[in-house]
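The next block holds one structure in the form of structure tokens; read it before the comments.
The values are calculated or read from the model by the stated rules, or taken from the named source; none is laboratory data. Quick caveat: nothing in here was measured; it's all calculated off a predicted structure. So basically every Cβ, Gly included, is an ideal-geometry build from the backbone, and we count neighbours across all protein chains shown.
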Amino acid sequence: MSEAPLIVTVGGFLGAGKTSLILAAARQLSTQGVATAAILNDQAGALVDTQWVREQDMDAEQVTGGCFCCRFGDLAQAAERLREHGPEVIFAEPVGSCTDISATVLQPLKAEYAGVFRLAPFTVLVDPARAARLLAPDADPDLAYLFSKQLEEADIVCLTKADLALPVPELPAPAHFRLSARTGEGVAEWLREALAGTTIGGQKLLEIDYERYARAEAALGWLNCEGDFLADPPLPPAAVIGPVIDQLGEWLAEAGIEIAHLKVIDHAESGYLKAAVCRAGQEPDVEGDLAASPSAWHQVRLNLRAEADPDVLQQVVTAAMDRLRGSWRGRRIESFRPAPPQPVHRFREVAG
Ligand SMILES: Nc1nc2c(ncn2[C@@H]2O[C@H](COP(=O)(O)OP(=O)(O)OP(=O)(O)O)[C@@H](O)[C@H]2O)c(=O)[nH]1
Ligand SMILES: [Mg+2]
């Protein structure tokens, strides 16, 4: 390979559209013969995103059990493994509740992996609807703080979901691009800037209060679940994940619980389907094989992040899944509040 792979870090709050943009960008790049790969990240295992990205035939690794900053070694190893397959671009998606990425991830990558990887400008995505909620006077003040810190350290800020034509919120940092992963609008323009090689990622460093940052992360209940479902009678994937996501949306809305992101993926013998919502009461976004035929066996993964007690999340998820007609095998559920971030490295100056 002529040049070291370019790591393109795409951050932003939960549900901002990071994975969708990475997939849309990878599709555009593949038409130009550019090989890409992705690294996904979460506080727990059983990631919907990793499975979704792999279902789209993209080479993907994941870092689990903590954010990139706390698992810096795992991130570097994941990037090294991907490098063996010769991608020119490696997209890296940090957990949506993570910030201070410039000091704890980008500077260490520049310092320790010079010549091995190159760094694109750090892109942070903003969903206009989420921004409006987090910037409202009644928003959780710690989450609002985290959100503003995410924007403050960005080299490039992008407003996402342009196809929804939502009002543009007044952001603490100005947006450089407005794009839609769904229609492709603005993706080529962003990619041109991200891949230009003129700006090296991590130009800014944050002043940040780690106690407040930890409180913001802990404001969210986190739940990851996976298991096999044997439908009796056989059901299409839409009839498995549809009722689960609808029921959960209804119960969480009734309880007044703010959803950051709820996503469910079903890999059945007949095809795969993903459904997701970023707020209670939202009509789910459904992607995949909508026409997949009935199947008895379904491999299901569900990831839920919401402003609620993790035990409550566990109860409602279990109850929603148990309403389906059939039986669950080997279902594992992890629910918790993320632990305070403890970065392996924290640079006080911008590295080379
Ligand atoms: N209408 C519309 N919806 C989008 C667009 N991009 C993403 N979405 C939807 O927004 C939701 C969140 O998208 P993701 O790409 O999963 O967001 P994310 O930032 O990776 O989420 P986390 O990994 O959970 O933090 C999904 O339901 C997507 O279908 C877009 O351009 N337009
Ligand atoms: Mg994602």
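Only one of (1) surrounded by 15 or more Cβ atoms within 10 Å (Cβ to Cβ); (2) away from ligand 2 (no atom under 16 Å from the Cβ); (3) without any contact (Cβ under 8 Å) to a residue 60 or more places away in the chain is not met by Ile208, so which one is it?
(3)
For residues that are in contact with a strand residue (DSSP E or B) (Cβ under 9 Å, 6 or more places away or on another chain) and surrounded by 14 or more Cβ atoms within 10 Å (Cβ to Cβ), tally how many sit in the range 158-181. Give the derivation first.
Residues of the range 158-181 that are in contact with a strand residue (DSSP E or B) (Cβ under 9 Å, 6 or more places away or on another chain), as a first pass: 158-160, 162, 166, 168-169, 171, 173-179.
Still in the running and surrounded by 14 or more Cβ atoms within 10 Å (Cβ to Cβ): 158-160, 162, 166, 168-169, 171, 173, 175-179.
Result for the range 158-181: 14.
Do we find that Ala129 is surrounded by fewer than 19 Cβ atoms within 10 Å (Cβ to Cβ) and within 16 Å of ligand 1 (Cβ to nearest atom) in this structure? Give the steps one after another, and end with the answer.
Working: surrounded by fewer than 19 Cβ atoms within 10 Å (Cβ to Cβ): yes; within 16 Å of ligand 1 (Cβ to nearest atom): yes.
Taking the combined requirement at face value, the residue satisfies it.
Can you tell me which residue in the range 220-235 is nearest to the chain's Cα centre (by Cα), limited to those that are closer than 25 Å to Arg332 by Cβ and either of a type in the set (Gly, Ala, Ser) or surrounded by fewer than 22 Cβ atoms within 10 Å (Cβ to Cβ) (or both)? Break it down stepwise before answering.
Restricting attention to the range 220-235, the residues satisfying the condition of being closer than 25 Å to Arg332 by Cβ are 220-232, 234-235.
Then drop every residue that is not either of a type in the set (Gly, Ala, Ser) or surrounded by fewer than 22 Cβ atoms within 10 Å (Cβ to Cβ) (or both), which leaves 221, 226-228, 230-232, 234.
Details: Gly221: 16, Glu226: 17, Gly227: 21, Asp228: 23, Leu230: 28, Ala231: 29, Asp232: 33, Pro234: 31 Å.
Checking each candidate, the answer is Gly221.
Where residues in the range 256-267 are free of Cβ contacts under 8 Å to residues at least 60 places away in the same chain and part of a strand (DSSP E or B), which of them is farthest from Phe13 (Cα to Cα)?
For the range 256-267, the residue satisfying everything is Asp266.
Just give me the residues in the range 82-95 being buried (at least 24 other Cβ atoms within 10 Å of the Cβ) and of a type outside the set (Val, Ile, Thr), in sequence order.
Phe91, Ala92, Glu93, Pro94
Restricting to the range 272-313, and then to whatever is closer than 19 Å to Trp328 by Cα and small (Gly, Ala, Ser), can you tell me which residue is nearest to ligand 2 (Cβ to nearest atom)?
My answer is Ser295.
Take the range 1-26 and flag every residue that is within 13 Å of ligand 1 (Cβ to nearest atom) and either acidic (Asp, Glu) or at positive phi (or both).
If the condition is that a residue be within 13 Å of ligand 1 (Cβ to nearest atom) and either acidic (Asp, Glu) or at positive phi (or both), then Gly12, Gly15, Gly17 are the ones that fit.
In the range 291-337, what count of residues is obtained for those that are touching a strand residue (DSSP E or B) at 6+ places or on another chain (Cβ under 7 Å), assigned to a loop (DSSP other than H, G, I, E, B) and over 27 Å from Gly256 (Cα atoms)?
So the answer is 3.
Pick from the range 27-47 the residues that are within 12 Å of ligand 1 (Cβ to nearest atom) and either more than 9 Å from the chain's Cα centre (by Cα) or more than 24 Å from Cys70 (Cβ to Cβ) (or both): which of them is modelled with the lowest pLDDT?
So in the range 27-47, the residues within 12 Å of ligand 1 (Cβ to nearest atom) come out as 38, 40-43, 47.
Checking the rest, the ones that are also either more than 9 Å from the chain's Cα centre (by Cα) or more than 24 Å from Cys70 (Cβ to Cβ) (or both) come to 38, 43, 47.
On the way: Ala38: 98, Gln43: 93, Leu47: 96.
Selected residue: Gln43.
Looking for whichever is closer than 17 Å to Leu47 by Cα and either among the polar types (S, T, N, Q) or without any contact (Cβ under 8 Å) to a residue 12 or more places away in the chain (or both) here; the options are Ser270, Ser335. Which one fits? Working first, answer last.
Details: Ser270 fails: closer than 17 Å to Leu47 by Cα.
Of the residues listed, the single one that is closer than 17 Å to Leu47 by Cα and either among the polar types (S, T, N, Q) or without any contact (Cβ under 8 Å) to a residue 12 or more places away in the chain (or both) is Ser335.
Checking the condition without any contact (Cβ under 8 Å) to a residue 12 or more places away in the chain and within 27 Å of Gln150 (Cβ to Cβ), which residue from Ala196, Ala276 passes?
Ala196
Does Leu195 satisfy the condition of being closer than 30 Å to Gln32 by Cα and out of contact with any strand residue (DSSP E or B) (no Cβ under 7 Å at 6 or more places or on another chain)? Walk me through how you get there before you give the answer.
Numbers: closer than 30 Å to Gln32 by Cα: yes; out of contact with any strand residue (DSSP E or B) (no Cβ under 7 Å at 6 or more places or on another chain): no.
No, not satisfied.
In the range 220-255, how many are of a type in the set (A, V, I, L, M, F, W, C), away from ligand 1 (no atom under 16 Å from the Cβ) and part of a loop (DSSP other than H, G, I, E, B)?
Start the filter on the range 220-255 by keeping residues that are of a type in the set (A, V, I, L, M, F, W, C), which leaves 220, 222-223, 225, 229-231, 235, 238-241, 244-245, 248, 251-253, 255.
With away from ligand 1 (no atom under 16 Å from the Cβ) added as a condition, the list becomes 229-231, 235, 239-240, 251, 253, 255.
Imposing the further condition that a residue be part of a loop (DSSP other than H, G, I, E, B) reduces the set to 255.
Final tally of qualifying residues: 1.
Can you find a residue that is in a loop (DSSP other than H, G, I, E, B), among the small types (Gly, Ala, Ser) and more than 10 Å from ligand 2 (Cβ to nearest atom) anywhere in the range 6-23?
Here is the first cut: in the range 6-23, the residues in a loop (DSSP other than H, G, I, E, B) are 13-17.
Keeping just the survivors that are among the small types (Gly, Ala, Ser) gives 15-17.
Subsequent filtering for residues that are more than 10 Å from ligand 2 (Cβ to nearest atom) retains none.
No, every residue in the range 6-23 fails to be in a loop (DSSP other than H, G, I, E, B), among the small types (Gly, Ala, Ser) and more than 10 Å from ligand 2 (Cβ to nearest atom).
Give the range 278-290 a look and list any residue that's more than 19 Å from Ala253 (Cβ to Cβ) and outside any strand (DSSP E or B), or say none. Spell out the reasoning first.
Initial filter on the range 278-290 (more than 19 Å from Ala253 (Cβ to Cβ)): 287-290.
Of everything in the range 278-290, those that are more than 19 Å from Ala253 (Cβ to Cβ) and outside any strand (DSSP E or B) turn out to be Asp289, Leu290.
Are any of the residues in the range 211-229 more than 24 Å from Ala44 (Cα to Cα) and either away from ligand 2 (no atom under 16 Å from the Cβ) or touching a Cys at 6+ places or on another chain (Cβ under 7 Å) (or both)? First the steps, then the outcome.
Within the range 211-229, the subset more than 24 Å from Ala44 (Cα to Cα) is none.
No, that holds for no residue.
What number of residues in the range 189-219 are assigned to a helix (DSSP H, G or I) and either within 27 Å of Pro343 (Cα to Cα) or touching a helix residue (DSSP H, G or I) at 6+ places or on another chain (Cβ under 8 Å) (or both)? Full working, then the answer.
Residues of the range 189-219 that are assigned to a helix (DSSP H, G or I), as a first pass: 189-195, 210-218.
Those still in the list that are either within 27 Å of Pro343 (Cα to Cα) or touching a helix residue (DSSP H, G or I) at 6+ places or on another chain (Cβ under 8 Å) (or both) too: 190-191, 194, 210-218.
Residues in the range 189-219 being assigned to a helix (DSSP H, G or I) and either within 27 Å of Pro343 (Cα to Cα) or touching a helix residue (DSSP H, G or I) at 6+ places or on another chain (Cβ under 8 Å) (or both): 12 in total.
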